[in-house]
Amino acid sequence: MKPILVKTANEMAKISREIKGTIGFVPTMGYLHEGHLSLVRVAKKETDVVVVSIFVNPSQFSPNEDLDEYPRDIDRDIRLLSELNANYIFLPTENEVYPDGYKTWVNVEKITQILCGKSRPTHFRGVTTVVAKLMNIIDPDFMYMGEKDFQQLVVLKQMVKDLNFRTKIIGCPIIRENDGLAMSSRNKYLSKQGRKNALCLQKSLLLAQKRYNEKVFTSNKIIAEIADLIENNKGVVDYIEIVDSYTLEHLYELKKGCRILVAAIIENTRLIDNIEIT
Ligand code: AMP
């Protein structure tokens with residue numbers, strides 16, 4: 001069944017209010033891949049009506065980032081979502097989300113200024129603002145998000161708790177290419193060689209798990225090894241952090257259930273990946 005395309009906030013809100021049953025919501029910036037589609041599949045299984053939004057949100061890009069180059073292919077996205085029987089696609093324009101005179105921002109403090117927030121200080125303010133708006137419009141029962149953007153997941157859970165949204169956020173596992181590279185719309189920017197070098201991100205995380213299994217627990221030791229591996233593959237490290245999965249606080253020693261998060265620039269593309277230590 002072809003999903004119904006909805007362009008305005010008023011129309012989307014009206015439809016959502018009239019839906020009987022549970023609403024599962026998947027926010028995306030489009031150019032969909034298996035990572036996005038995995039979220040839609042889980043939402044289809046767990047809820048009655050699935051709404052997917054496609055909006056390349058300008059406020060989460062800083063002026064020197066890739067907003068203009070960000071890949072887009074709406075027709076293909078619609079086709080993929082039709083195949084999965086998504087019910088509604090919310091496709092607002094920039095002016096619909098941020099009309100002239102727009103002045104309100106949602107900001108989660110502290111945990112948005114570490115990790116990705118260090119090099120992208122205004123990024124999460126853009127994410128929380130747009131997701132808060134989308135949640136107000138759609139009022140979903142469940143929102144499905146990928147662990148690929150692990151900090152985003154923690155930040156949005158904090159926002160939902162602090163602002164008393166009724167929506168429950170469901171974190172879903174990272175979907176990878178056959179060779180282990182975490183799927184991302186930005187992988188498209190990589191050359192053939194860059195694509196090969198990019199495998200060092202997951203390799204370095206698997207190495208950390210191996211060290212943990214060998215009872216090497218010191219974070220600094222493991223971080224240094226990861227940095228070497230990334231640099232040997234022509235990557236420039238943005239950060240490598242070992243953190244508590246709930247608070248994102250730095251851990252001096254690895255423990256079961258902690259997360260290792262890496263961000264590195266390969267060629268000119270900033271890639272992120274993470275692993276839960278088990
Ligand atoms: P984006 O379109 O990049 O904003 O991503 C939309 C949603 O898809 C977010 O919740 C992401 O975490 C999720 N996502 C992106 N890539 C993956 C992946 N490889 N595996 C699982 N979820 C993903």
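Given the residues Tyr246, Tyr252, Tyr189, which is the only one that is open to solvent by 40 Å² or more (accessible area, probe 1.4 Å), away from the ligand (no atom under 16 Å from the Cβ) and under 20 Å from the mean Cα position of the chain (by Cα)? Result of the check over Tyr246, Tyr252, Tyr189: Tyr246. In the stretch 97-115, which residues are closer than 20 Å to Thr8 by Cα, of a type outside the set (Val, Ile, Thr) and either touching a strand residue (DSSP E or B) at 6+ places or on another chain (Cβ under 6 Å) or surrounded by 16 or more Cβ atoms within 10 Å (Cβ to Cβ) (or both)? Scanning the stretch 97-115 gives a single hit, Tyr98.
Within the stretch 264-278, residues that are within 20 Å of Gly35 (Cα to Cα) and modelled with pLDDT of 95 or more sit with their Cβ atoms under 6 Å from residues that are among the hydroxyl-bearing types (Ser, Thr, Tyr) and surrounded by 18 or more Cβ atoms within 10 Å (Cβ to Cβ), at 6+ positions apart or across chains, in these pairs: Thr269/Tyr189.
The set of residues in the stretch 130-159 that are in a helix (DSSP H, G or I), in contact with a Ser or Thr (Cβ under 6 Å, 6 or more places away or on another chain) and away from the ligand (no atom under 13 Å from the Cβ) comprises Met135, Ile138, Met159. Scanning the stretch 48-83 for residues that are in contact with a Leu (Cβ under 8 Å, 6 or more places away or on another chain) and under 24 Å from Tyr98 (Cβ atoms) yields a total of 10. The residues of the stretch 30-51 that are more than 7 Å from the ligand (Cβ to nearest atom), open to solvent by less than 20 Å² (accessible area, probe 1.4 Å) and touching a Phe, Trp or Tyr at 6+ places or on another chain (Cβ under 7 Å), listed by number, are Ala43, Thr47, Val51. In the stretch 70-93, the residues that are surrounded by 15 or more Cβ atoms within 10 Å (Cβ to Cβ) form Cβ pairs under 6 Å with partners that are of a type in the set (Gly, Ala, Ser), at six or more places apart or across chains, as follows: Asp77/Gly30; Phe90/Ser53. Tell me whether the stretch 138-148 contains one or more residues that are on the phi < 0 side of the Ramachandran plot, crowded, with 18+ Cβ neighbours inside 10 Å and basic (Lys, Arg). Yes, because at least one residue in the stretch 138-148 is on the phi < 0 side of the Ramachandran plot, crowded, with 18+ Cβ neighbours inside 10 Å and basic (Lys, Arg).
The values are calculated or read from the model by the stated rules, or taken from the named source; none is laboratory data. Bear in mind that the values here come from a model prediction, so they are computed numbers and not experimental data. Note that we place each Cβ from the backbone using ideal geometry, even for glycine, and neighbour counts take in every protein chain shown. Ligands, DNA and RNA are excluded from the accessible area calculation, which covers all protein heavy atoms including side chains. Shrake-Rupley method; radii C 1.70, N 1.55, O 1.52, S 1.80 Å.
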